[in-house]
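Student: First the structure, which I've put down as structure tokens, then a few questions once you've had a look.
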Amino acid sequence: ENCKIPEERLMTWSEAVHQGYRENPFHNWYHGFGVYQMCFHQLSLIDTFSGLTATEGFGLLVASLCHDIDHPGVTNGYLIRQQDDLALRYNDVSVLENHHASVACTILRAEKTNISSGLEKVEQGVFRKAIIKCILATDMAHHQGLCQKLIGCNSSEQFQSTVAEDSQFLMNVCVHAADLSAQVLKWETARKWEERICQEFTAQAKKETDMGITPEPFMQFKMEDMKLRGKLQRDFIDFVLRPLWEPYTQLEPQMQRCLTNLIKNRNLYELRRIYGSDQLDEMPDDMDLLLPNNPVVRPVHPKPPAGPAPASNGGTPR
């Protein structure tokens, strides 16, 4: 209501976005919708997001649904090495992310799918800027810098002060965490997404091998090699996901369930690495006996923020 979104255009727009996704094993409509759902979850759960304007929240949600639209199922590195048309168009910089943002904004230009038509001219600029910046923030090239900035916020109060001055940083954290949220889901779902990204990686590796190109190390495996897949996913969690989700949860304790799931899944992938198969449908409370010479990794429980808790308003953008 705040953004005066025409309902009939909203339906047409969502269908256009749906049709814009390709049928990749991982980077498909279901991934896009899952990222949208995780962003909405954060907006609804975390009070900090109440500092966003309605237009910023609108742009964030649109970006989350469109963030991988028309993804070809290969990486930026692959496109750059092949001197693909997209790589040439975007000068090898955030190739896919620039493409996704362009496709998203092109859909919004058509009259039937222009869901921002109810916004004032100035707000339309804010809306477009939020979409572009949020989608560009999903480039993994920015991952380390974003994690370091989160770690640099020593308390929830400092984090809230930082995002009060830089709302785009908050939106970037939201969409990047959502994009990397497949492994914070329950094990039954998380392992299906792991299988899907492995299918995508092995398909790219085969293309590169056929062209005489050596694939990236994390793509050099076979689907049936469960031990190696377990190691690769355990390492991805330890070196990529935990450096994001642990400080984020320290600053926003409402995300604790996500971090707990992530650590449980990490230990189950470690079991896969050891035994070569998935031993359990879920992780018991004590896995020490199942992990010989590998102490169980347990989730970090954040300390409650100092001072009185802020009044809860659902974290809904104003």
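Student: Considering only protein heavy atoms, with the full assembly of protein chains and a 1.4 angstrom probe, order Val103, Val122, Val95 by accessible area, largest first.
Tutor: On the way: Val103 35, Val122 110, Val95 0 Å².
So, going from the largest accessible area down, we get Val122, Val103, Val95.
Student: Cβ neighbours within 10 Å, averaged per peptide: list 33-41, 155-163, 245-253, 217-225 in order, most packed at the top. List each step's numbers first, then the result.
Tutor: Values: 33-41: 19.9, 155-163: 17.0, 245-253: 22.8, 217-225: 13.0.
Ranked by mean Cβ neighbours within 10 Å, highest first: 245-253, 33-41, 155-163, 217-225.
Student: Let me spell out the model: positive unit charges on the Cβ of Lys and Arg, negative unit charges on the Cβ of Asp and Glu, origin at the Cα centre of the range 26-138. What dipole size does that give, in debye rounded to 20? Show your work: numbers first, answer last.
Tutor: Working: 8 positive and 11 negative charges, 31 e Å.
For this selection, approximately 140 debye.
Student: Compute, for the range 138-240, the length of the dipole vector about the Cα centre, with Cβ point charges of +1 (Lys, Arg) and -1 (Asp, Glu) only. Units Debye, rounded to 20. Please list the in-between numbers first.
Tutor: Details: 12 positive and 16 negative charges, 87 e Å.
Dipole of the range 138-240, to the nearest 20 debye: 420 debye.
Student: Ranked by accessible surface with a 1.4 Å probe, highest first, in what order do Glu120, Glu1, Glu208, Glu195 come? Mind showing how you got there, number by number?
Tutor: On the way: Glu120 130, Glu1 200, Glu208 0, Glu195 80 Å².
Result, largest first: Glu1, Glu120, Glu195, Glu208.
Student: With n ≥ 4 as the cut-off for DSSP H runs, can you work out [θ] at 222 nm for the chain, using -39500 (n - 2.57) per run divided by the number of residues, rounded to the nearest 500? Don't jump to the answer; show the numbers that get you there.
Tutor: On the way: 14 runs with 184 residues, N = 318.
That calculation yields -18500 deg cm²/dmol at 222 nm.
Student: Charges only on Cβ, +1 for Lys and Arg, -1 for Asp and Glu: so what's the dipole of the chain about the Cα centre, in debye to the nearest 20? Display every interim value, and only then the final one.
Tutor: Details: 32 positive and 41 negative charges, 34 e Å.
It works out to roughly 160 debye.
Student: Continuing with this model, one more query. Using a Förster distance of 22 Å, how high is the FRET efficiency between Arg22 and Gln220, based on the Cβ-Cβ distance and rounded to 0.05? Numbers along the way, then the final one.
Tutor: Working: r = 24 Å, r/R0 = 1.11.
After rounding, the FRET efficiency stands at 0.35.
Student: Okay, next question. Can you give me the distance in nm between label points at Asp92 and Lys227, each placed 7 Å from the Cα along the Cα-to-Cβ direction?
Tutor: Calculated label separation equals 3.9 nm.
Student: Then there is this: At what distance in nm do the modelled label points of Ile5 and Thr189 sit from each other, each positioned 7 Å from its Cα along Cα→Cβ?
Tutor: Computed distance between label sites Ile5 and Thr189 equals 2.0 nm.
Student: I need the phi-derived Karplus couplings for the range 61-68: 6.51 cos²θ - 1.76 cosθ + 1.60, θ = phi - 60°, integer Hz, Gly and Pro marked x.
Tutor: 5, 5, 4, 4, 6, 9, 5, 10
Student: Also, quick follow-up: State, to one decimal in nm, how far the label point of Gln158 lies from the label point of Ala203, with both points 7 Å from Cα in the Cβ direction.
Tutor: Taking the simple label geometry, Gln158 and Ala203 are separated by 4.4 nm.
Student: Per the Kirkwood treatment, what hydrodynamic radius in Å, one decimal, follows for the chain from the mean inverse distance over all distinct Cα pairs? Provide the component values of the computation, followed by the final result.
Tutor: Values: mean 1/r = 0.0481 Å⁻¹.
The Cα-based Kirkwood calculation yields 20.8 Å.
Student: Which whole-Hz couplings ³J(HN,Hα) result when phi for each residue of the range 161-178 is put into the Karplus expression 6.51 cos²θ - 1.76 cosθ + 1.60, θ = phi - 60°, listed in order with x for Gly and Pro?
Tutor: 5, 5, 6, 5, 8, 9, 5, 5, 4, 4, 5, 5, 4, 4, 6, 5, 4, 5
Student: Here is a follow-up. Report the FRET efficiency, 1/(1 + (r/R0)^6), for Ser277 and Gln83, where r is their Cβ-Cβ distance and R0 is 41 Å, rounded to 0.05.
Tutor: On the way: r = 41 Å, r/R0 = 1.01.
E between Ser277 and Gln83, to the nearest 0.05, is 0.50.
Student: Using a 10 Å cut-off on Cβ atoms, rank the peptides 144-151, 131-138, 209-216 from the highest mean neighbour count down.
Tutor: Details: 144-151: 15.6, 131-138: 23.6, 209-216: 11.1.
Highest to lowest by the protection proxy: 131-138, 144-151, 209-216.
Student: Got a sec to turn the phi values of the range 71-81 into Karplus ³J(HN,Hα) couplings, 6.51 cos²θ - 1.76 cosθ + 1.60 with θ = phi - 60°, whole Hz, x for Gly and Pro?
Tutor: Once θ is set to phi - 60°, the couplings for the range 71-81 become 5, x, x, 10, 8, 4, x, 4, 4, 5, 5 Hz.
The values are calculated or read from the model by the stated rules, or taken from the named source; none is laboratory data. Computed from a prediction, not measured in an experiment: that's the story for all the values here. Ideal geometry is used to build each Cβ from the backbone, glycine not excepted, and the neighbour counts take in all protein chains shown. These area figures cover heavy atoms from the full protein model, side chains too; ligands, DNA and RNA do not enter into them. Shrake-Rupley method; radii C 1.70, N 1.55, O 1.52, S 1.80 Å.
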